[in-house]
Amino acid sequence: MSEPDTEGQDETIDDDEFSIAELGRPTYDVVTERPAREFHAWHRPRKQFVRRSQWLATVSDLYAARDPADRLNYLGLPGSDLLDIRMLHERICLPQGRVLRFLGFDNSIQSGGTESVSLEVSLQQMKLRELVHEASKVLPDDFSRIGSGDSRAYQETVKAAPYDVVNIDLCSSFGIDPPRTLDSLYNALNKILAMQQRLQPWMLLITSMIGRDVLNESAAQILFDEYLKTLKCGDFLASCRVLFEAEDPEAMTLDSCTNKDFFLAIAIGFCNWVFRLSGKRHLSRVNLRAAFYYQVFQGTGCPDMMSMALRFTPLVAAGIDPAGLALADNVRVNECDAAVQFVRKFGRAVDVDEKLRTEPELRQTLINESAALLLEVGYDEQEYRRWVSQFSS
């Protein structure tokens, strides 16, 4: 769901912190059935910033003109606490009277284990809520298994398709598997794109580590080549010259570029790849609505975690009539326009670490929001505030 913890420990609590009760927010009884658990990196304020300022913001925009009768159909990797699902339910579905149906995957869940118990309690909590569809579920399976047509993961996913929001929130990288591997994210995403036969816009949210040590070498080269293919597009190269450290982005190679340029080129290449892949299935405009990044491993001097929100807007295009009776639509999507939009959006990407270091009030607000969410799922608020005080973001 996010990155491993890597920063040092500091047990002090800031003087300006308040309990949820003192802030006048609703409190929740601690769920005593849950075993004690440790805090993780996805409990940090920077992850809450992504949930709030990227996920909620882009999904809210998606539903701005939608009928309340349209439910929110969600596919993702929610973890045993279902934090992303809880926020969508409370911030979007409840105010709009909109039903939420979700399908989640978590291959770390083992029957009878601590996280299994926690997940069961979370599912009971959510499915007792009025606007949560009774068919909602989380499978103890690997998301990548969706790529295999005879797997349970595929069968459950296609049964509930199409989706309004697909959220691939990874601890690792979208490029960790070798190309042409059956159970891989590439195959899973290809299958999901084939399932998205719809007229309404939808969101793909993806959070992934990007770095030389976490990507498969062959996959990295393919994604880098996807970046290179668009260098001749209009203003793309000029935008790259502003964005990249290299003086000549055309001369960059996978081995010679800096770590920061590697990070950016792979992110752009991934967006280009998704655009081209989606075009093979359905004609859609693809817009990068938001890009946030931060640093997991200290000492590298550059970010290594990217969170992206891609909006797909399907287009209606009548095909060529072989008999010659009907007229075809002259509707096209331009790969170069999409590529230029991607690189410009990455040029305005938010450095979440820097933002929270320079805006302590925002950091405190995010901590308070996280504390409220975690209190609902049985964590100790004061223990959380002690734990989170060691992080600047």
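List of remarks:
- Selected residue (only one of Leu75, Leu88, Leu123 is surrounded by 16 or more Cβ atoms within 10 Å (Cβ to Cβ), in contact (Cβ under 8 Å) with a residue 40 or more places away in the chain and outside any helix (DSSP H, G or I)): Leu75
- Asp84 being in contact with a helix residue (DSSP H, G or I) (Cβ under 7 Å, 6 or more places away or on another chain), closer than 21 Å to Lys47 by Cβ and of a type in the set (Asp, Glu): yes
- Test result for Asp177, in contact with a helix residue (DSSP H, G or I) (Cβ under 8 Å, 6 or more places away or on another chain), part of a helix (DSSP H, G or I) and among the acidic types (Asp, Glu): no
- Members of region 37-59 found to be over 21 Å from Tyr293 (Cα atoms) and in contact with a helix residue (DSSP H, G or I) (Cβ under 8 Å, 6 or more places away or on another chain), listed by number: Arg37, Phe39
- Lone qualifier among Ser284, Ser307 - being within 20 Å of Asp177 (Cα to Cα) and among the polar types (S, T, N, Q): Ser307
- Selection status of Phe270, surrounded by 19 or more Cβ atoms within 10 Å (Cβ to Cβ) and either more than 18 Å from Pro303 (Cβ to Cβ) or among the basic types (Lys, Arg) (or both): no
- Region 314-336, residues that are outside any loop (DSSP other than H, G, I, E, B) and more than 13 Å from Ser284 (Cα to Cα): Cys336
- Out of Ala371, Ala339, Ala349, sole residue that is of a type outside the set (S, T, N, Q), touching a helix residue (DSSP H, G or I) at 6+ places or on another chain (Cβ under 7 Å), buried (at least 19 other Cβ atoms within 10 Å of the Cβ) and farther than 30 Å from Gln124 by Cα: Ala339
- Residue within region 42-60 that is modelled with pLDDT under 95 and in a loop (DSSP other than H, G, I, E, B) present: no
- Matching helices (runs of 4 or more DSSP H) fully within region 195-313 where at least 3 residues are at pLDDT 95 or above: 217-228, 259-279
The values are calculated or read from the model by the stated rules, or taken from the named source; none is laboratory data. All values reported here derive from a predicted model rather than from experimental measurement. Methodologically, a virtual Cβ is constructed for each residue, glycine included, from the backbone with ideal geometry; neighbour enumeration extends over all protein chains shown.
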